[in-house]
Amino acid sequence: MSLLKRPSLRQRRRNGAVWLGAFGSIFFLVGLGFVVLAMVPTVIDSVRMRQWEPVQAQLLSARLESLRGSKGGTTYRAHATYRYVVNGQTHVGQRVAVSNTADNVGDFWYQLGWRLESAHRQGKPVTAWVNPADPTDAVLDRSLRWPLLGFWGIFIAIFGGVGLGMMVWGRHNWRKAAQPEHPQAATQPWMQYPEWASPAIASNLRAERWVFTVMGVVFLGFGGVVSAIALPDAVNGRPIVWVVLLFPFFGLVMCWQAFKGWRQHRRYGAAALVLSPHPAPLGGQVSMHLDLPLQVGPQARVVMALSCLERSTSGSGDDRSTSEHLQWEDEGVARLVPTAAGTRVQWQTALPGHLPPSSPPGEDGTAWRVSVDGQGLEDGFSATYDIPVFATGASASFGAPDAMFGTASAHQAEDEALLRERIGAVCRVEMDMQGRLVLDQPYARMRRAQLPWLFMGVVFVISGGYLWNVRALGGLMGILFGGLGLLALVLSLWLLLNRRTTTMDRSQGTTIVRRLLGLPVSTRHWDAQAMEGLSVHRSYGMQVNGRRPESIWQVRAHPRQGKPVVLADSISGEGAARLLMQDIARHTGWRAAT
């Protein structure tokens, strides 16, 4: 047994707040140091030089220095030595500009160096600005470089802003951890978390809105400045520099997501989810509702899902990542009930008793999440809620139908219609003229999953071509990137451009035809007595809009000999896959797995 006692949750939160504040202070001090040591002195010097007096100066030397960095970037700086006379005394100066730091922000140094070299070759005088209080202090160019200040401002905003945000969040977490423990926390552990102490659960949208807002502004501002600097190099034959345009592109995408989040908040408000009973009971039934401040039309529909997720965090620092794996899910259509203030969205479900209870909010372990997707609502509405689920023994009563929930048969019809839509999105189910059941799965049926791989393949192939052209590591990097990109391209194009048609009949057997761009590439047939059963199989998981993990399923037939045969794929959710399996079983007489 370990002699080290694991710190309590309160202590872990305090430790995390301390480390967060410490890292934040480092970032903040870097940004503050840049302000004090670079930006402020440059601005003060430029303002002070406005009072200096012009004199003619003769260049003794002039050159443009180019410095190539270890990562391939080139910075410039002009050097000059000049002689000038003030009050009959000769002085020699070497200061060229307000800031003498080498950079590649715009073409300032290049233009200034070219002018000074040209004047030196031709023996022409130049203008020097001299400090009347100290004639030994002079400069050739006293202009304030606004692009450079803008670049510094972005740098300061990133480091200082991120550091300040980390410090503020660390202080918030420290104060949260310092709150006294709830007196009922020993028997009711959910009461020690403020976000779960009330039956009204706040959505996760507030944090998402601020993350998208801050990151969008940073990426857009920083990416805009960097793109403006790099664009001339891209136009002049360095195509890899076009990659920097991804920064403002991602910034625009995040700003658009932030705009949609703020628009939804303005239209619908906080829209807390209210649980009954509170918390949701393992092995019992739970009712939940949220109120929307508007009357919805007859075309509106709200789909709600309760998911049990296994959350894990790996890595540290920049390599830290959190993954969520779906363990269980129930989905259905919520009831929309008009109220005096708008519309009440109400749903109910039953929770299995074998799954674990909720882990502390934001920590690794089990998370129970309610996803709400409003369809046909003004400006759209979608939200997620992490709710408390514990083995309390309580349960909501679903016994008698009422005005809120309607009849059980109406609920089942709505839920089955939702599952039929899931099937219809990737598979057309029909009977042909000979009475055979036909499953026709079109091209690009799961493009949401394949288009990102296609994009990644294109990027890797282009990057591989560039790396091969510059012979990075003797061309090995080009081969590696190009090979991975080509593999991703081939697989994604095959999955996007293939079509599957499955024909089944009790007497004629089963035939599966695969087509690529309309051309048959494979045809397989099994006799009517060859199949003995059906099952569903989970293919993979994916994220929908970055919020709700989604499982993609297959329906398989099991021959008496040989491997299982895929009848239909790309089906979203186990419920839709099982419904399609039951349809096939009714027509073919094959046994459907439970």
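Data for the structure
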{"read-out": "Answer from LEU37, LEU20, LEU3 - the residue that is more than 30 Å from PRO147 (Cβ to Cβ), modelled with pLDDT under 90 and open to solvent by 90 Å² or more (accessible area, probe 1.4 Å)", "value": "LEU3"}
{"read-out": "Members of region 233-262 found to be out of contact with any helix residue (DSSP H, G or I) (no Cβ under 7 Å at 6 or more places or on another chain), at pLDDT 60 or above and open to solvent by less than 70 Å² (accessible area, probe 1.4 Å), listed by number", "value": "LEU246, VAL253"}
{"read-out": "Residue check, ALA568 outside any strand (DSSP E or B) and at pLDDT 90 or above", "value": "no"}
{"read-out": "Selection within region 143-167 - surrounded by fewer than 20 Cβ atoms within 10 Å (Cβ to Cβ) and more than 30 Å from PHE23 (Cα to Cα)", "value": "SER143, LEU144, TRP146"}
{"read-out": "Pick from region 263-282, criterion in a loop (DSSP other than H, G, I, E, B) and surrounded by 15 or more Cβ atoms within 10 Å (Cβ to Cβ), ranking: farthest from the chain's Cα centre (by Cα)", "value": "PRO277"}
{"read-out": "Identity of the residue in region 446-476, open to solvent by less than 20 Å² (accessible area, probe 1.4 Å) and under 31 Å from the mean Cα position of the chain (by Cα), that ends up farthest from ARG506 (Cα to Cα)", "value": "GLY464"}
{"read-out": "Filter pass, GLN434 being closer than 30 Å to ALA207 by Cα, among the polar types (S, T, N, Q) and at pLDDT below 90", "value": "no"}
{"read-out": "Of residues in region 84-130 being among the polar types (S, T, N, Q) and in a loop (DSSP other than H, G, I, E, B), the one most open to solvent (accessible area, probe 1.4 Å)", "value": "ASN87"}
{"read-out": "Breaking point among (1) modelled with pLDDT of 90 or more; (2) open to solvent by less than 30 Å² (accessible area, probe 1.4 Å); (3) not hydrophobic (A, V, I, L, M, F, W, C), for ARG514", "value": "(2)"}
{"read-out": "ASP319 open to solvent by 10 Å² or more (accessible area, probe 1.4 Å) and either touching a Leu at 6+ places or on another chain (Cβ under 7 Å) or modelled with pLDDT under 90 (or both)", "value": "yes"}
{"read-out": "Long-range neighbours under 6 Å by Cβ, at least six apart or interchain, first residue farther than 12 Å from LYS260 by Cα within region 206-220, second open to solvent by 70 Å² or more (accessible area, probe 1.4 Å) and at pLDDT below 85", "value": "PHE219/PHE247; PHE219/PHE250"}
{"read-out": "Tally, over region 348-370, of residues that are closer than 15 Å to SER382 by Cα and open to solvent by less than 10 Å² (accessible area, probe 1.4 Å)", "value": "1"}
{"read-out": "Region 521-535, residues that are open to solvent by 90 Å² or more (accessible area, probe 1.4 Å) and either part of a strand (DSSP E or B) or at pLDDT 95 or above (or both)", "value": "THR523, ARG524, HIS525"}
{"read-out": "Yes/no for ALA400 being at pLDDT below 85, open to solvent by 60 Å² or more (accessible area, probe 1.4 Å) and aliphatic (A, V, I, L, M)", "value": "yes"}
{"read-out": "Count - residues of region 41-64 that are open to solvent by less than 40 Å² (accessible area, probe 1.4 Å) and either over 16 Å from ALA128 (Cα atoms) or of a type outside the set (Val, Ile, Thr) (or both)", "value": "8"}
{"read-out": "Qualifying residue in region 567-576 (condition: surrounded by 14 or more Cβ atoms within 10 Å (Cβ to Cβ), out of contact with any His (no Cβ under 8 Å at 6 or more places or on another chain) and of a type in the set (S, T, N, Q))", "value": "yes"}
{"read-out": "Leading residue by the ranking (most open to solvent (accessible area, probe 1.4 Å)) among those in region 329-347 that are among the aliphatic types (A, V, I, L, M) and touching a strand residue (DSSP E or B) at 6+ places or on another chain (Cβ under 8 Å)", "value": "ALA341"}
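Residue by residue, here is whether (1) part of a strand (DSSP E or B); (2) free of Cβ contacts under 8 Å to residues at least 60 places away in the same chain holds:
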site	(1), (2)
GLY482	no, yes
THR502	yes, no
TRP553	yes, yes
ARG556	yes, yes
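Let's see how each residue does on (1) touching a Phe, Trp or Tyr at 6+ places or on another chain (Cβ under 8 Å); (2) not basic (Lys, Arg):
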residue: MET39; (1), (2): yes, yes
residue: ARG63; (1), (2): no, no
residue: LEU67; (1), (2): yes, yes
residue: TYR82; (1), (2): no, yes
residue: HIS91; (1), (2): yes, yes
residue: ARG95; (1), (2): no, no
residue: ASP103; (1), (2): yes, yes
residue: PHE108; (1), (2): no, yes
residue: GLN111; (1), (2): no, yes
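The values are calculated or read from the model by the stated rules, or taken from the named source; none is laboratory data. What you see is a predicted model; the values in this text were computed from it and never measured. Cβ: placed from backbone, ideal geometry, glycine included. Neighbour counts: every protein chain shown. Please note that ligands, DNA and RNA were not included when accessible areas were found on the heavy atoms of the full protein model with its side chains. Shrake-Rupley method; radii C 1.70, N 1.55, O 1.52, S 1.80 Å.
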